[in-house]
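Working notes, structure below.
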Amino acid sequence: MKFKDCVSVIGVTKECIMGMAVVDGVISSLHGRELVITSVTDGRHRANSKHYEGNAFDIRTWTEEGVQMTTGAKNHLRYLLSVALGNDWDVVTESTHIHIEYDPQ
């Protein structure tokens, strides 16, 4: 697992760290490559975003060669991550990344 330059993890929750570990395992076994986290508690997000609580992170959806995953591939990965993380997590496919947040019901 690696973090994009300038990503802040200040204030991240233990649940979010555990979620990152689960996602890392899925990415590693599925793609044989390293997970890249592109945002945690940094960046600009909507006002009520879980990022600001330390309960959300975004992951890269393009290869090291700079090729964006297809919509179908991102949706398949979203499904696999949702299953692996369980019901307390929301996994959302965005145009440039996948957003993952801890949001117990």
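No value in this document is a laboratory result; all are computed from the given coordinates. Because the structure is a prediction, the values reported are computed rather than measured. Here Cβ is always computed from backbone atoms with ideal geometry, including for glycine, and neighbour counts include all displayed protein chains.
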Legend entry - Spatially proximal aspartates and glutamates relative to residue 4 (Cα-Cα < 16 Å; intrachain offsets below 8 disregarded): 24, 34, 42, 58, 64, 65
Inset, instruction - Please find the FRET efficiency linking residue 6 to residue 70, where r is the Cβ-Cβ separation and R0 is fixed at 30 Å, and quote it to the nearest 0.05. - result: 0.60
Legend entry - Compactness of segment 2-102, expressed as Rg and Dmax over alpha-carbon positions, Å: 12.5, 35
Inset, instruction - Express in nm, to one decimal, how much length is gained between residue 42 and residue 18 on full extension, taking 0.36 nm for each residue of separation and deducting their alpha carbon distance. - result: 6.8 nm
Inset, instruction - Classify segment 47-95 as rounded, prolate or oblate from the Cα gyration tensor: take a ≥ b ≥ c as the square roots of its eigenvalues, call it rounded if a/c is under 1.5, otherwise prolate when a/b beats b/c and oblate if not. - result: oblate
Inset, instruction - Considering the options 86, 99, 19, tell which one lies farthest towards the positive end of the dipole of segment 2-102, charges being +1 on Lys and Arg and -1 on Asp and Glu at the Cβ, about the Cα centre. - result: 99
Inset, instruction - Would you list which lysines come within 19 Å of residue 14, measuring only between C-alpha atoms, while excluding same-chain residues fewer than 8 positions from it? - result: 2, 50
